[in-house]
1. Could you put Met134, Met1 in order, starting from the residue whose Cβ has the fewest other Cβ atoms within 10 Å?
2. Compute the distance in nm between two label points, each set 7 Å from the Cα along the Cα-to-Cβ direction, one at Thr113 and one at Val181.
3. Against the longest alpha carbon principal axis of the chain, how many degrees, from 0 to 90 and to the nearest 10, is the axis of helix 46-56 turned?
4. Filter the trypsin sites (Lys or Arg not before Pro) in segment 94-173 to those in DSSP coil with at most 13 other Cβ atoms within 10 Å of their Cβ, and list the result.
5. Among Glu124, Glu51, Glu145, which one moves the most in a GNM of the chain with springs linking Cα atoms closer than 10 Å?
6. Please check: in the Gaussian network model of the chain (C-alpha springs, under 10 Å), which one of Ile107, Ile186, Ile131 has the largest mean-square fluctuation.
7. Modelling each spin label as a point 7 Å along the Cα-to-Cβ direction, I'd like the Asp89/Ile62 distance in nm, to one decimal.
8. Could you work out how far helix 157-195 tilts from the main Cα principal axis of the chain, as a 0 to 90 degree angle to the nearest 10?
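Every number in this text was worked out from the coordinates using simple rules, so none of it is lab data. These figures come from a predicted structure and were not determined experimentally. We place every Cβ from the backbone using ideal geometry, glycine too, and count neighbours over all the protein chains shown.
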Amino acid sequence: MIYTLPFIAAFIGWFTNWIAIKMLFHPREPKNILGFKLQGIFPKRQQQFAEKLGSLVAKELISFDDLSAKLHHPSTVQSVMPFIEEKIDGFIKVKLKEEIPLLSMFIKEDSLTGIKKGMVAEIESMFPALILKMTEGMKNELNVEKIVTDKVSNFSSDKLEEILNAIMSKEFRFVEIIGAVLGFIIGCIQILISQL
């Protein structure tokens, strides 16, 4: 009978850790049990969790300065220029002639090519200022911290549990197994002590 002690202790270790993990999320609503108010840690602190996450995302993860620098980079500008050039070319060759038919009679193809080159060069030179204006506008209009805080605080408790379980399921399982292993070791130590 005494040799079953490590297995009983392993079960108790596993079970207490399993209960502790469940109590991260349950009960979802506060419950009075024997005069104590019980509620899962995440449901109870969801608003604080949302605020901290919002602050972290706004300050550490999404930087409008980084975004602006990336958009200003010459390689970014060069990557969009073929698209802009194609649109200007289409405008000059098709839409401009449709809007002003007499234009095609007086302006030769070489002149239209020159106009296109001038427009492309002008857009390319004003692109950094345009990006700066756009990112400044986004910075003033978008409150990333508030957006993240509102989204996370409005998650249902089920959704929050689903997200955290998807991220940490292996860690939760590891905690349960460690509880069983430690319980088993403690049970073995108790057998050794009782044999002495």
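1. Result, fewest neighbours first: Met1, Met134.
2. According to this spin-label approximation, the distance is 7.4 nm.
3. Between helix and principal axis, roughly 50 degrees.
4. Lys108
5. Comparing Glu124, Glu51, Glu145 in a Gaussian network model of the chain, the most mobile one is Glu124.
6. Checking each option, the largest mean-square fluctuation is seen for Ile107.
7. Spacing of the two 7 Å Cα→Cβ label points: 3.6 nm.
8. The angle comes out at about 30 degrees.
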